């Protein structure tokens, strides 16, 4: 395992993650438009929506019940996860390279990212 | 407006934003937010939430192509991501405390700077430097392909670059943008990293930086899928098209046109922020 192979692996992984996320968002989006295309929408004033779109467990639960907005949100959640998985893969990669310094560096980044995500769950 | 009309208009605007963002190298976020707020009257918090998500999509989507070329430097990227992610969380926390008017004014100022960059062109030096002591210790130097050969390069001024990266992260978390231009300045101008390495590494870092504030955005409800869905899909498709066209586009003319548009948006954002319309 060298840096270039590691990076190229990470690059492929990121692209796969984005494609999966985009497909999920698109699927949820089509369902949303089929059901709600004639609904009036206004986003002029910010109102924080219900918890089923604002926490990981809420999103997954609502999506399982076929809520189209929640399915789109699952896709967006997958998208947010791709760079986090990228950092996690880098931790393992540096560990395999026996690069102690950069294993620690990427672990620090991972912990910071988890902080934000745990906030949301 | 019906949900269908809103989705289609936002999708069209976002595709255009992603296309122009890729062609000029400034990213789609800086255009999407003013387009949504000024043209459709969408609250800035929804706009920055949707923009942040699209930033992750374009950064991650383009990463595979950049990596193949062998320019990006994963060590520099990872090390500086410590600064950008902490900055991003600080920025996202701040975004929840300041008024929408203040956000609009700050956004306008960032747009003005982007307009300036667009006129001037994102160009940098390619002078190779030797690594200083700290950069050697962190093993930040590497090599990159120049005319088919591997050219070694060094890195300098790590503390100043690190501090600037914190600022780039904070702007990203505050405004839902990638702030790639600031990242490039930090690496190219301050740390003396070759331009091509700086831009590709910056692109790699943008997604991780944005992911750091995304959890906080989600929890606060800034990411509304009804707004984010057409933005994310539009910007992603626009960016992919832009990258394809980039090879034979007349980038210079385009940059000036784009600069004028952004400058107009900047003025409008600032005026609307001051008069309290946004």
Quiz item: Taking square-rooted eigenvalues a ≥ b ≥ c of the alpha carbon gyration tensor, is segment B:29-149 rounded, prolate or oblate, where a/c under 1.5 means rounded and, failing that, a/b exceeding b/c means prolate?
Solution: prolate
Quiz item: How many percent of all Cα-Cα pairs in segment B:102-181 sit more than 18 Å apart?
Solution: 60
Quiz prompt | Percent of C-alpha pairs per 5 Å bin, segment B:21-61, short to long | solution = 6, 26, 30, 22, 12, 4
Practice problem: Provide Rg over Rh for the protein assembly as shown; use the alpha carbon set for both Rg and the Kirkwood Rh (inverse mean inverse pair distance). | Solution: 0.96
Quiz item: Counting alpha carbon pairs within less than 8 Å and at least 6 residues apart, what relative contact order, in whole percent, applies to chain A?
Solution: 33
Quiz prompt | Rel. contact order, % - alpha carbon contacts under 8 angstrom, at least six apart, segment B:5-136 | solution = 19
Exercise. Let me have the relative contact order for segment A:65-121, percent, based on Cα pairs under 8 Å that are six or more residues apart.
Key: 28
Practice problem: Over all alpha-carbon pairs of chain A, lay out the pair-distance distribution in 5 Å bins, whole %, shortest bin first. | Solution: 2, 11, 15, 17, 17, 12, 10, 7, 5, 3, 1, 0
Self-check item: Between segment B:18-37 and segment B:146-163, the Cα center-to-center distance that results, in Å
Solution: 28
Quiz item: So how far, in whole Å, is the C-alpha centre of segment B:65-121 from the one of segment A:1-35?
Solution: 22
Practice problem: Would you kindly state how much longer the chain becomes between residue B:261 and residue B:120 on full extension, computed as 0.36 nm times their sequence separation minus their alpha carbon distance, in nm to one decimal? | Solution: 49.3 nm
Quiz item: Once Rh for segment A:30-76 is found with the Kirkwood sum over Cα pairs, what is the Stokes-Einstein diffusion coefficient at 10 °C and 1.306 mPa s, in µm²/s?
Solution: 139
Exercise. Please work out the Cα center distance from segment A:42-121 to segment B:213-278, rounded to the nearest Å.
Key: 23
Exercise. As a check on your grasp of the helix formula, calculate [θ] at 222 nm for the protein assembly as shown: sum -39500 (n - 2.57) over DSSP H runs of n ≥ 4, divide by the residue count, round to the nearest 500.
Key: -25000 deg cm²/dmol
Practice problem: Quickly rank B:136-149, B:23-36, B:203-216 as a protection proxy: mean count of other C-beta atoms within 10 Å, highest first. | Solution: B:203-216, B:23-36, B:136-149
Quiz prompt | Difference of contour (0.36 nm per residue) and Cα-Cα distance, residue B:137 to residue B:150 | solution = 2.5 nm
Exercise. Give me the compactness ratio for chain B, meaning the Cα radius of gyration over 2.2 N^0.38 Å.
Key: 0.97
Quiz prompt | Whole-angstrom Cα spans of segment B:177-262 along principal axes, big to small | solution = 38, 30, 24
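Bear in mind that the values in this text are calculations on the coordinates, not laboratory data. Quantities reported herein were computed from a predicted structural model and do not represent experimental measurements. Quick reminder, even Gly has a Cβ in these numbers, built from the backbone with ideal geometry, and neighbours come from all protein chains shown.
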